[in-house]
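Engineer: What follows is a single structure, and I will ask about it in a moment.
Readers should treat all values here as calculations from the given coordinates under stated rules, not as data from a laboratory. Bear in mind the structure is a predicted one, so any value in this text is a computation, not a measurement. Note that we place each Cβ from the backbone using ideal geometry, even for glycine, and neighbour counts take in every protein chain shown.
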Amino acid sequence: MESDRNEVDVARLEEALNRLIKYMGAAASAHAAEAPGPTLSGSQRIVLRALLSSGPCPVSEVANHLGVTLSAATGLVDRLVKSKLATRDRDQADRRVVWVKITADGEAAVQAAEARRRAAIRKLVRDLTGSDLSQLCDILERLG
């Protein structure tokens, strides 16, 4: 009986997470006027955030960070460079190594994307009490 209940709760959780993901995508777009900037894919945002916090890194590290192949990371970096959100430079000591660095436009884009996400989250939790929000954070932190 307990396992049946757990399966029902797991299904409810899955549905709630799916709705949350869908909501976050739509809400972040709706908040574009509050923090204008280019729309970033999830992967682009992750890479730009990593570059912003850690500084330049080799393309191979981008691939490892995202858990994708080197060719997939290269394609992502190509799009970031084309959009002028990042630059690519060869290592002077080892020409095989390519370093990726965030640009000022990339910094602005990731900050705008984060502002849109935060606005969407504030709207999502606006009806929760402080205690409810704290409890939700505690639970989510235990999951990750």
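Engineer: Peptides 8-17, 96-105, 40-49, 66-75: what's the order by average Cβ count within 10 Å, highest mean first? Intermediate values should be presented prior to the final figure.
Structural biologist: Values: 8-17: 10.1, 96-105: 15.7, 40-49: 18.4, 66-75: 13.9.
Output ranking for 8-17, 96-105, 40-49, 66-75: 40-49, 96-105, 66-75, 8-17.
Engineer: Here is a further query. If amide H atoms are built 1.01 Å from N in the plane of the peptide, which residues on other chains or at least 5 residues away come under 5 Å of the amide H of Thr103?
Structural biologist: HN-HN under 5 Å from Thr103: Ala86, Thr87.
Engineer: Quote the convex hull volume per residue of the chain, based on C-alpha atoms, as a whole number of Å³. Please report the intermediate quantities before stating the final value.
Structural biologist: On the way: hull volume 21.9 nm³, N = 144.
Looking at the chain, the number lands at 152 Å³ per residue.
Engineer: Could I ask something else about it? Setting aside same-chain residues fewer than 8 positions from Lys82, which aspartates and glutamates have a Cα under 18 Å from its Cα?
Structural biologist: Partners found: Asp105, Glu107.
Engineer: Semi-axes, largest first, in whole Å: what does sqrt of 5 times each Cα gyration tensor eigenvalue give for segment 83-144? Intermediate results must be reported in sequence, preceding the final value.
Structural biologist: Working: eigenvalues 308, 56, 7 Å².
Computed over segment 83-144, the values are 39, 17, 6 Å.
Engineer: What FRET efficiency do you get for Thr39 and Asp94 if R0 is 25 Å and r is their Cβ-Cβ distance, rounded to the nearest 0.05?
Structural biologist: On the way: r = 35 Å, r/R0 = 1.40.
After rounding to 0.05, the efficiency reads 0.10.
Engineer: Treating only the Cβ atoms of Lys and Arg (+1) and Asp and Glu (-1) as charged, compute the dipole magnitude of segment 1-129 about its Cα centre; round to the nearest 20 debye. All intermediate terms of the calculation are to be shown ahead of the outcome.
Structural biologist: Values: 20 positive and 16 negative charges, 116 e Å.
Taking the Cα centre of segment 1-129 as origin, the dipole is about 560 debye.
Engineer: I need to check one value: relative contact order of the chain, counting alpha carbon pairs closer than 8 Å and at least 6 residues apart, in percent. List each step's numbers first, then the result.
Structural biologist: Numbers: 120 pairs, mean separation 40.0, N = 144.
Averaging sequence separation for qualifying contacts and normalising by length gives 28 percent for the chain.
Engineer: Here is a further query. Can you tell me which lysines have their Cα less than 23 Å from the Cα of Lys22? Leave out same-chain residues fewer than eight positions away.
Structural biologist: Hits, sequence-local ones excluded: Lys123.
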